[in-house]
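Bear in mind these aren't lab numbers, they're just calculated from the coordinates by the rules spelled out. Small disclaimer: the values here were computed from a predicted structure and weren't measured. Virtual Cβ from ideal backbone geometry, glycine too; neighbours counted across all protein chains shown.
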Amino acid sequence: MLEALEGHDRDGSGALDYHDFATAVRQHAPLSRGAISGLCRLMDQNGDGTIDLREVPLTPCPHPTPHPL
C-alpha cells in the first residue's frame, strides 16, 4: 500500500492530503466517499488532516468479518 501512496505525494512532503489520498485509493479500490473518509481518519495518526507516509506501515488493519462457509 505504501508504494501506491508514495506516487501521489506531489509536493514531496512525505504526506498526502485528503484529495491526494482519495485519488490514490480510487485507483486501486472502488470505495465510496464514506469508506475513503473513514480510512483517511484511521490512517491520519495525529489528526492533522494528512496521511504521513512514514506512519502508513504503523496503521492498524481492521480484521475482516469472517465469511460463513
Report ³J(HN,Hα) in whole Hz for each residue of segment 49-54, in order, from the Karplus equation J = 6.51 cos²θ - 1.76 cosθ + 1.60 where θ = phi - 60°; Gly and Pro get x.
-> x, 10, 9, 6, 5, 5
Once phi is turned into θ = phi - 60°, what whole-Hz ³J(HN,Hα) does the Karplus curve with 6.51, -1.76 and 1.60 give for every residue of segment 16-25, x standing for Gly and Pro?
-> 10, 7, 4, 4, 5, 4, 4, 4, 5, 5
Of 17-24, 30-37, ordering from highest average Cβ density within 10 Å down gives 17-24, 30-37
